[in-house]
Amino acid sequence: MHARRWTLLAVTTAIAGVLAPVAAASAAWTPAESVSASANDIHNATLGFDAQGRALATWLPSTYVNGRFKGQGGRAATRAPQLTAFDPERTAPVFRAGPMLYGQTRAVGLDVRHGSWNRCGQQVDLRVRYGRSSGFFQTPASVIAAYRGVGGDGDPAVGTDKSGHVAAAWAQSAASCSRSIIRVARRRAPSSSFTAPDTLRGRGMNELPSIAVGGRGDIVVAWARRVGEGRTVIEARYRRAGGSWDALERLGEGTARGEVTTAVMQNGRAYVAWQRKTINETTGTSASTWVAVRPSGAGSFRDATRLEAIRTGVSYVGLRPILAVNGIHALIAWTGRAGTTWRVRVATAGSNGSFSSPETVSDAAVNAQLGGLSLLPDGTAAVSWAQLDFELVPGRALAALRPAGDSRFLPGELVSSSTRSVPLVALSPLTRQPTVTWTQHMGAPTTSAARLDVRLRASTREPPAP
């Protein structure tokens, strides 16, 4: 993936002008700023706001050395409320999950310390890192669990609510290497320590856990269990606040390495969303996006709903769905397809938890890929995406806002005419305006990875003058 990006850079820069025009913006965006220092590549970027309106961005820079990209540790930068520029970057943990913001200014994420490999996977210490939205994180880290991770570090995931109830999930190899186990450790505020891990699934080959914590402390965990060549089933377990884990539920079918995402609302309603995607060099790409809902107070999930099904030629466009919940509101966004064009869609949940017919927010004339989704308690929402060039590589960054009380998003607005990644978006709870981050090569076109000048960039929407 890295190699493909930099070898195409000279071409995609030259053809940027052939991307479809976007609608005239109804609001201005601040001049783009470089949040990060120069690197040859940047990945695993995150963006969020604390309750006081401070923005926190994290990312992992890398340098191209001896034919490969080498990580340079973690970085973080913060922007104070009401200011337009981020402070200089500082070192941060190499987050494997998170960080997530909670309370007024607190943050939590997971990193790992790697050990030896054997045929079952790599020995890791899973560690929790507490910090602040100012970008400072606790040292030393606290070890939650030591295990041998499936496929490497076991794809750890973290969830938290505004009160600081934290839960971590991971997939670890059994001693025999013939099965993998989904485990969860919990910290219920105001306690400072995690519980001994619970085993949620001990049979089969399980991977890719996702975890979410609701406002009352309700928890949902979902994962994929392998059942054949390239096939999985999506399973989940739910735990009510103060209760025990409910029975295992099978939600639907998935595909290997298909992403699973989860969310829990303030009232305990839970969502699990996932994609199914099969690519065959002869028959092309077959994909679908699914979501299952467990209503508040219910004893199980409803039957999963297929949001969209796609059949096209061979394509590697990412189709991961994104869930966003806040207060009484819930959204889901995904990358779909209309005719021959990849489109970004957003659907809103009704009072019964089911999602309405989706709204297509990206332009009809150009391919697009979902980047981020953000939601405030009053229903204000923002979505970001990348316009794709003829090679289906991100070329431009766009975003759209849905003001509180409105049922539809405003037309998409151009944030940057150049991007190497799908853009992220987060809403300020103070201004109710979105900030978008993306990665961008700042130098002349080049086919040398070692000469790439990649920065994490940011811009914030300025509302129209009254």
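The values are calculated or read from the model by the stated rules, or taken from the named source; none is laboratory data. If you're wondering where the values come from, they're calculated on a predicted model, not measured in any experiment. Virtual Cβ from ideal backbone geometry, glycine too; neighbours counted across all protein chains shown.
The table below gives the values:
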{"item": "Test: residue 305 is under 26 Å from residue 377 (Cα atoms) and without any contact (Cβ under 8 Å) to a residue 60 or more places away in the chain", "result": "yes"}
{"item": "Members of region 366-384 found to be farther than 29 Å from residue 51 by Cα and assigned to a loop (DSSP other than H, G, I, E, B), listed by number", "result": "366, 367"}
{"item": "Condition met for residue 363 (surrounded by fewer than 16 Cβ atoms within 10 Å (Cβ to Cβ), in a loop (DSSP other than H, G, I, E, B) and charged (D, E, K, R))", "result": "no"}
{"item": "Subset of region 25-57 [assigned to a strand (DSSP E or B), within 9 Å of residue 456 (Cβ to Cβ) and over 19 Å from the mean Cα position of the chain (by Cα)]", "result": "34, 39"}
{"item": "Unique match (being more than 18 Å from the chain's Cα centre (by Cα), modelled with pLDDT of 95 or more and assigned to a loop (DSSP other than H, G, I, E, B)) among 135, 152", "result": "135"}
{"item": "Top-ranked residue of region 231-266 - restricted to ones that are over 23 Å from the mean Cα position of the chain (by Cα) and not in a strand (DSSP E or B), ranked as modelled with the lowest pLDDT", "result": "242"}
{"item": "Number of positions in region 185-220 that are of a type outside the set (Val, Ile, Thr) and part of a strand (DSSP E or B)", "result": "12"}
{"item": "Search result, residues across region 435-453 that are hydrophobic (A, V, I, L, M, F, W, C), under 16 Å from residue 417 (Cβ atoms) and surrounded by 15 or more Cβ atoms within 10 Å (Cβ to Cβ)", "result": "436, 438"}
{"item": "Odd one out for residue 182, checked against (1) assigned to a strand (DSSP E or B); (2) out of contact with any Leu (no Cβ under 6 Å at 6 or more places or on another chain); (3) more than 17 Å from residue 100 (Cα to Cα)", "result": "(2)"}
{"item": "Within region 170-185, considering residues that are of a type outside the set (S, T, N, Q) and surrounded by fewer than 22 Cβ atoms within 10 Å (Cβ to Cβ), the one nearest to residue 155 (Cα to Cα)", "result": "181"}
{"item": "Criterion: within 24 Å of the chain's Cα centre (by Cα) and farther than 30 Å from residue 326 by Cβ - qualifying residue of 124, 158", "result": "124"}
{"item": "Filter result for the condition that a residue is surrounded by 21 or more Cβ atoms within 10 Å (Cβ to Cβ), of a type in the set (Ser, Thr, Tyr), in contact (Cβ under 8 Å) with a residue 12 or more places away in the chain and not in a loop (DSSP other than H, G, I, E, B), over 285, 289", "result": "289"}
{"item": "Of the criteria (1) farther than 23 Å from residue 272 by Cα; (2) of a type in the set (Val, Ile, Thr); (3) at pLDDT 95 or above, which one residue 340 fails", "result": "(3)"}
{"item": "Region 88-117, residues that are more than 19 Å from the chain's Cα centre (by Cα) and free of Cβ contacts under 8 Å to residues at least 40 places away in the same chain", "result": "88, 91, 113, 114, 115, 116, 117"}
{"item": "Residues of region 249-262 that turn out to be buried (at least 24 other Cβ atoms within 10 Å of the Cβ) and not β-branched (Val, Ile, Thr), as a count", "result": "1"}
{"item": "Residue 157 among the hydrophobic types (A, V, I, L, M, F, W, C) and free of Cβ contacts under 8 Å to residues at least 60 places away in the same chain", "result": "no"}
{"item": "Single residue of 392, 410, 401 found to be more than 18 Å from the chain's Cα centre (by Cα), at positive phi and either in a loop (DSSP other than H, G, I, E, B) or touching a residue at least 40 places away in the same chain (Cβ under 8 Å) (or both)", "result": "392"}
{"item": "Within region 216-230, considering residues that are over 20 Å from the mean Cα position of the chain (by Cα), touching a residue at least 40 places away in the same chain (Cβ under 8 Å) and buried (at least 16 other Cβ atoms within 10 Å of the Cβ), the one farthest from residue 154 (Cα to Cα)", "result": "216"}
